[in-house]
Structure formats: C-alpha cells, structure tokens
Amino acid sequence: MNYESFFRKQLDGLRRDGNYRSFANIQRQAGEFPRATHLRARVRASVTVWCSNDYLGMGQHPQVLAAMHAALDRCGAGAGGTRNISGTSNYHVLLEDELADLHGKEAALLFTSGYVSNWATLSTLAASLPGCVVLSDAGNHASMIEGIRHSRAERRIFRHNDVADLERHLAALDPDVPKLVAFESVYSMDGDIAPIAAICDVAERYGAMTYLDEVHAVGLYGARGGGISERDGVAHRLTVIEGTLAKGFGVIGGYIAASAALCDFVRSFASGFIFTTALPPAIAAGALASIRHLKTSGAERARQQDRTVRLRQALDAAGVPHYDNPSHIVPVIVGDPVLCKQITDLLLERFGIYVQPINYPTVPRGTERLRITPSPLHSDADIDHLVAALKALWAELHLARAA
Ligand code: PLP
C-alpha cells in the first residue's frame, strides 16, 4: 500500500468538503486578552479574539500567574511522575480538596484534561459495574462517547435534553441492572442547558447513577462558580460532576467530584488516571488560585453575562441571526463549511477579528457556524466593531438576515 498517498487522499477529501482545519497562529499576550497577535508568514497583526474558551480571562489573572510563578520557582517544571509514583505534590492535594468543596462532594480526582477525565471515568465505571447500561444524551461530547464506547457497556442514546425519552429508555430496562445517565449542563456548540433537576428526578426513580459534564459551566455559573448544578441547587443529587480547569478557570486539567468511594475506585482502576504523568505542580497551583478567586468573586461572571446580553442585542439590531439560548455561548449559524471559512477569513484579514469556523464533525453538516464567546474583557467598542463587521459581511455575501 502507498501509505503517503492514502493520507493525502483522505486530506484532499476534507479539503473538497470544506472541512480541512487550518490553525490560526495566535499568540496570546498576558494582560492584553482579548487582544492577541496573529502570526502569518512574516506578518504580525493585532487581532481581537472572539472564540476563546478562556471564558473569564482567568488565563491572565494576576493571582493565577503569581501562583504559577511561585510554584514553578519552588517545584520546577514537571510533576516528575504519575500520581502514584512521585507525581503527587501538596498542590495536587489542595486542588482536589478545593474541587470537592466547590461541588459539595466528599472527594475529587484530577486528570490531565477534561477529555481524559470523561474518557477514563466513564469507561472505568461502565466497564466495571456488572451489566451496566449507559444512557447517553444525543448531544454528548466526543470524550464521553469515546469513554462509553471503550467500556463496551450497552449504550442507549436518548434524545437531546428530552427527559420523557430518557424515562422511556429507563422504563424498558431491567430494574436490577446498574444504570448510568451521562449528560452535560451547558452544551458547547448550541449553548443550551440541560434540565438537570428533571433528569435527576427520573434517574432517581429508576435507580440510575448520574454523570454530569460541567466543562462549559464551571467558574461561570453558580454563586461560587460550581456550575449550573450549583446555580440550580442540585449538585448534591448528582453522582458525579465532571469539569475542566482549562476553560472558565483558564489553565489546563480535568477532574471529577463525587463520593470518596467512587473517586477512590476510579483512582484505583482507571488506566487513564494511573498510567500517565501528573499535571505539573505549577499548573495545579494556578488552577487552585483561579478556583479560589472565582469562589468569592462574582464580578467576572456578572460582567460576562452583561457582555453576552449586549452582544445579543447588537446582533439583533444588526439583523445578524444567532441561536437564542440561556448561556454565554452565541452561535451564529452559517450552514455551509466553505462560506463559514470565507466569513472567518474575511473577519480576520479585513477587520482584525479572530473567530474560528466550526465545521463537521464538531457540529452536524449543514449547521456550520461561528461560535462567539463574549468575555468580561470585551469592551463596548469590541462588540460594536464585531457586529459592524458581521453586518457588512452579511450584506456583501448576501446571507440570510434575522427577521
Ligand atoms: N467535555 C466537553 C463538553 C467539552 O466541550 C470539552 C472540550 O471542549 C471537554 C469535555 C474536554 O475538556 P478539555 O478541553 O479540558 O480536555
């Protein structure tokens, strides 16, 4: 077989469909977010970032940077090993305590990313509980899907955010088999929010465990940043709350928070936890500072909500269509991969605005979009500039306007 030609042909297929991904070389500048430098060939241009998952700008927060600098100077660069073999530091221990407290759980367990936490936990739980059936929301993230698939447990997919459909599936199962309902709070691409309490009601009625991915909500919602489950007062009803340290908290890493026995079980049996080097202490220290800050400061959350409302109003006034949802994620649907890329290229080149096009397989074909994420650090002028640019492109490219 000609391996190289195989790879090239596959890539050509992606290009033909408009789904080939090119990464923009965006140099973040601490203290300047959402401003960054776009590097292309030998050209450096200042751009405003409108698609970052550093939702609250915590990746440049002075307390986070100071904590990371101090830990780096004290401990050096890497963790030095897996958690079991020389990789656990006091920062990891304190961070797990902080996360358990954030979600009102007995314990928490760190992973190297949110992806790994979903993959490792779901695959371990579903593979270990004898005869386990996983009920998975149709909109779940790839990391959850892959974890469930890897477990080889039976999987039932219920319609997205549809509690009646979930109940229909649960009612059809043997009451004695272990069941696990896996879902998210804020869905990252449409920005809609799960009816967590209603899902817990049904899960409790049928004796199912619940696993909630709060990746796009931690730091952002709830009085202390504990996510939608905190905001809705239902954190205690969930068996497992999973989150990331990379988005609202601005650093990197993932975790679960749950009972002491469940965390100890995953710690003891999950290959994705056991056989990989621990997060560097400086990362753990930065995440710890970020969580502690957001537990007591609501200013970032309030300002982000304010920015989101203002952006939506400006888009409405300009006739640029966007999904109406109750979260901080503002999806502007284009519906065509080539057009989507053309719009984002023009935004970057002509207006100094960086929004990455979101194409298949991240979203279904035909729903290609701009996924705009306002942060507390976007000014009124930033919003006005973005909306004026979109309005101009909508007219130039004859795109459908909102009624
Ligand atoms: N869960 C959801 C719903 C996500 O959208 C993502 C990533 O975007 C992850 C998990 C993975 O988190 P991380 O980026 O920390 O690996």
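Which of (1) within 16 Å of the ligand (Cβ to nearest atom); (2) not in a helix (DSSP H, G or I) is the odd one out, the single condition S229 does not satisfy?
Of the numbered conditions (1) within 16 Å of the ligand (Cβ to nearest atom); (2) not in a helix (DSSP H, G or I), the odd one out for S229 is (2).
Which residue out of A138, A194 is out of contact with any Ser or Thr (no Cβ under 9 Å at 6 or more places or on another chain) and within 16 Å of the ligand (Cβ to nearest atom)?
Checking each option against the conditions leaves just A138.
Would you be able to tell me the number of residues in the stretch 194-217 that are under 21 Å from the mean Cα position of the chain (by Cα) and closer than 22 Å to G147 by Cβ?
11
Does the stretch 115-135 hold any residues that are more than 16 Å from the ligand (Cβ to nearest atom) and surrounded by fewer than 24 Cβ atoms within 10 Å (Cβ to Cβ), and which are they?
T124, A127, S128, L129, P130, G131, C132, V133
Could you check the stretch 141-164 and list, in sequence order, the residues that are within 14 Å of the ligand (Cβ to nearest atom), in a loop (DSSP other than H, G, I, E, B) and surrounded by fewer than 18 Cβ atoms within 10 Å (Cβ to Cβ)?
Matches in the stretch 141-164: H160 only.
Taking the options Y221, Y211, name whichever one is within 17 Å of H103 (Cα to Cα) and in a strand (DSSP E or B).
When all the criteria are applied, what remains is Y211.
Tally up the residues in the stretch 89-110 that are outside any helix (DSSP H, G or I) and either under 17 Å from G286 (Cβ atoms) or free of Cβ contacts under 8 Å to residues at least 12 places away in the same chain (or both), please.
Final tally of qualifying residues: 3.
Has the stretch 89-107 got any residue that is within 19 Å of the chain's Cα centre (by Cα) and among the hydroxyl-bearing types (S, T, Y)?
No, because not a single residue in the stretch 89-107 is within 19 Å of the chain's Cα centre (by Cα) and among the hydroxyl-bearing types (S, T, Y).
For the stretch 2-28, which positions are assigned to a loop (DSSP other than H, G, I, E, B), modelled with pLDDT under 95 and either of a type in the set (D, E, K, R) or over 25 Å from P331 (Cα atoms) (or both)?
Within the stretch 2-28, just R21 meets the criteria.
Name the residue, out of S143, S113, that is under 21 Å from the mean Cα position of the chain (by Cα), under 18 Å from A284 (Cβ atoms) and at pLDDT 95 or above.
S113
Return the only residue of V234, V186, V251 being surrounded by fewer than 24 Cβ atoms within 10 Å (Cβ to Cβ) and modelled with pLDDT of 95 or more.
Answer to the check: V234.
Please work out which one of (1) in contact with a Cys (Cβ under 8 Å, 6 or more places away or on another chain); (2) of a type in the set (G, A, S); (3) on the phi > 0 side of the Ramachandran plot is the condition G80 fails and give its number.
G80 satisfies all of (1) in contact with a Cys (Cβ under 8 Å, 6 or more places away or on another chain); (2) of a type in the set (G, A, S); (3) on the phi > 0 side of the Ramachandran plot except (1).
Can you tell me which residue among A270, A235, A260 is away from the ligand (no atom under 12 Å from the Cβ), of a type in the set (A, V, I, L, M, F, W, C) and either free of Cβ contacts under 8 Å to residues at least 12 places away in the same chain or in contact with a His (Cβ under 7 Å, 6 or more places away or on another chain) (or both)?
It is A235.
Looking at V202, V181, which one is within 16 Å of the ligand (Cβ to nearest atom) and buried (at least 19 other Cβ atoms within 10 Å of the Cβ)?
Among V202, V181, only V181 is within 16 Å of the ligand (Cβ to nearest atom) and buried (at least 19 other Cβ atoms within 10 Å of the Cβ).
The values are calculated or read from the model by the stated rules, or taken from the named source; none is laboratory data. Just so it is clear, the model here is predicted, and its values are computed rather than measured. No Cβ is skipped: glycine too gets one built from the backbone with ideal geometry, and neighbour counts run over all protein chains shown.
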